[in-house]
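Asks: Let me begin by handing over the structure; questions about it come next.
The values are calculated or read from the model by the stated rules, or taken from the named source; none is laboratory data. A quick note: this is a predicted structure, and the numbers were derived from the prediction, not measured. A quick note on method: Cβ atoms are made from the backbone with ideal geometry, for glycine too, and the neighbour counts reach across all protein chains shown. We work out accessible area using only protein heavy atoms, side chains counted, and drop any ligands, DNA or RNA first. Shrake-Rupley method; radii C 1.70, N 1.55, O 1.52, S 1.80 Å.
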Amino acid sequence: MTSWVNFAEIRQKVSLEQVITNFYGITTLKRDGTKMIGPCPVHQGDNPRAFHADLEKNAWHCFSKCGKGGNQLDFVAAKEGISIREAALKLQAFFLKEKESAPSDSHSPSRPGKKIPTTETEPRIETVESSPPETKKVARNPILKLELQLKSDHPHLLQDRGLDQSTVEHFGVGYCSRGILRGTIAIPIHDEDGNLVAYVGRNLKPQVIREQGKYKLPKGFHKDIVLFNFHRTKEVLRKDGVILLEGFFAVMKLHAIGLENVVACMGSDLSDAQAELLTYAKEVIVLFDGDDAGRNGSVSAMKKLEERNVIARVAHLPEGTKPDDLSPRLLRWLVNGLQGLDLAEVRFETGKTEVGRHG
Ligand SMILES: [Zn+2]
């Protein structure tokens with residue numbers, strides 16, 4: 001089981017200001033209206049104009065050495081050198097579970113606009129740090145220490161899939177000639193922080209596919225807590241949103257035509273943990289395959305995203321087609337159209353296109 005973290009709820013209930021003043025007790029920043037400016041608390045520099053926080057937008061940026069930025073979760077993650085999930089667990093433990101144990105506490109995390117006096121911050125942080133909130137067993141994918149030597153110019157990639165060499169190299173995929181993935185196209189999978197956690201093998205021989213299926217997943221790999229390509233998009237998906245696909249090759253194909261904010265849930269089921277990762281995105285376009293699994297999967301994915309207050313749009317493809325079958329022009333039209341026209345849904349059928357307004 002994955003330890004439950006609701007990123008959206010934490011971001012909604014805990015403001016950046018509360019993180020800066022209550023959680024960390026930082027007093028070196030000067031307040032200027034809805035802004036806080038001062039030396040960067042992340043890289044601990046002394047340039048008094050390095051760090052800017054916009055308290056209304058819950059956004060911060062360092063214009064000096066570390067150059068980092070983001071929201072309240074990113075602040076904790078950057079400052080502690082931990083993952084966003086771990087940062088969320090810390091804030092959850094500090095702000096959202098405290099109420100039950102400390103009823104006399106006067107601060108109200110549900111009102112982000114409230115100003116909290118910096119001088120009265122007690123060093124409660126220590127109790128949080130000495131008792132990690134992860135008491136439940138958290139599903140993890142251990143980091144791989146070994147990288148496979150793969151052949152990137154295999155005809156399955158360049159000819160059958162029509163991928164160009166630079167895309168193949170960007171994703172680090174290639175033919176594997178040794179070990180348990182021998183005879184497959186190996187696809188490296190990274191966690192949300194960019195650590196290599198698995199290789200998935202795409203079987204090539206028809207007989208092997210008949211017997212074992214198309215993909216070979218490593219034993220013990222928790223697919224449901226990872227989104228393929230998430231680590232490469234996490235900087236931009238907050239600003240520009242992201243396209244959610246089913247498969248690895250659809251991600252590569254769309255990336256190759258310039259739609260770079262693409263992730264895959266590796267199947268047609270978006271898990272709860274994967275949906276949590278997507279709460280980071282400004283919005284999500286669900287673009288699953290045009291078959292029963294894809295249609296059912298996109299309904300369920302939309303539900304999970306909407307439950308988490310993520311703006312989600314869905315495109316239903318014609319029966320028997322996959323996103324990578326569509327022409328680059330149609331794909332771009334689809335993505336720009338959904339966003340530009342603020343549509344919730346587009347349904348392609350042979351000869352006509354139906355659209356549905358958001359909301
Ligand atoms: Zn900095």
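Asks: If you go through region 141-160, how many residues are touching a helix residue (DSSP H, G or I) at 6+ places or on another chain (Cβ under 8 Å), closer than 28 Å to D193 by Cβ and not small (G, A, S)? Quick ask: steps written out before the conclusion?
Replies: Step one: list which residues in region 141-160 are touching a helix residue (DSSP H, G or I) at 6+ places or on another chain (Cβ under 8 Å), which gives 141, 148, 152-153, 157-158.
Restricting the remaining residues to those that are closer than 28 Å to D193 by Cβ gives 141, 148, 152, 157.
Among the residues that remain, those that are also not small (G, A, S) are: 141, 148, 157.
Adding up the residues that qualify gives 3.
Asks: Turning to a different aspect of this structure: Those residues that are of a type in the set (A, V, I, L, M, F, W, C) and more than 16 Å from A198 (Cα to Cα), I need them from region 211-255; list them, please. Even if it seems obvious, please write down each step before you answer.
Replies: In the first step, residues of region 211-255 are kept if they are of a type in the set (A, V, I, L, M, F, W, C); the result is 217, 221, 225-228, 230, 236-237, 242-245, 248-252, 254.
Those that are of a type in the set (A, V, I, L, M, F, W, C) and more than 16 Å from A198 (Cα to Cα): V236, L237, V242, I243, L244, L245, F249, A250, V251, M252, L254.
Asks: Among residues belonging to region 1-36 that are within 27 Å of the chain's Cα centre (by Cα) and small (G, A, S), point out the one that is modelled with the highest pLDDT.
Replies: So the residue we want is S15.
Asks: Still on this structure, please answer the following. What about I180, is it closer than 17 Å to R140 by Cβ and not basic (K, R)?
Replies: Numbers: closer than 17 Å to R140 by Cβ: no; not basic (K, R): yes.
Criteria not met by I180.
Asks: Quick check on my filter: what residues within region 254-283 are of a type in the set (V, I, T) and either at pLDDT 95 or above or more than 18 Å from E235 (Cβ to Cβ) (or both)?
Replies: Let us first name the residues in region 254-283 that are of a type in the set (V, I, T), namely 257, 262-263, 279.
If the condition is that a residue be of a type in the set (V, I, T) and either at pLDDT 95 or above or more than 18 Å from E235 (Cβ to Cβ) (or both), then I257, V262, V263 are the ones that fit.
Asks: Looking at region 270-329 only, could you name the residues that are farther than 23 Å from A256 by Cα and not in a helix (DSSP H, G or I)? Steps first, please.
Replies: Our first condition is that a residue be farther than 23 Å from A256 by Cα; within region 270-329, this holds for 270-277, 279-280, 291-293, 295-312, 319.
The answer is L270, S271, T279, Y280, D291, R308, N309, V310, I311, A312, E319.
Asks: From V286, V262, V310, which residue is open to solvent by less than 30 Å² (accessible area, probe 1.4 Å), more than 28 Å from I185 (Cβ to Cβ) and in contact with a helix residue (DSSP H, G or I) (Cβ under 7 Å, 6 or more places away or on another chain)? Break it down into steps so the answer makes sense when it comes.
Replies: Numbers: V286 fails: more than 28 Å from I185 (Cβ to Cβ); V262 fails: more than 28 Å from I185 (Cβ to Cβ).
When all the criteria are applied, what remains is V310.
Asks: Here is a further query. Look through region 147-165, keep the residues that are free of Cβ contacts under 8 Å to residues at least 24 places away in the same chain and not in a loop (DSSP other than H, G, I, E, B), and return whichever of them is farthest from V262 (Cα to Cα).
Replies: The selected residue is P155.
Asks: Moving on to the next point. Grab the helices (runs of 4 or more DSSP H) fully contained in region 4-99, keeping just those with 1 or more residues being touching a residue at least 40 places away in the same chain (Cβ under 8 Å) and within 12 Å of the ligand (Cβ to nearest atom).
Replies: Details: elements: 7-13, 72-80, 84-91.
Where helices (runs of 4 or more DSSP H) fall fully within region 4-99 and carry at least 1 residues being touching a residue at least 40 places away in the same chain (Cβ under 8 Å) and within 12 Å of the ligand (Cβ to nearest atom), they are 72-80.
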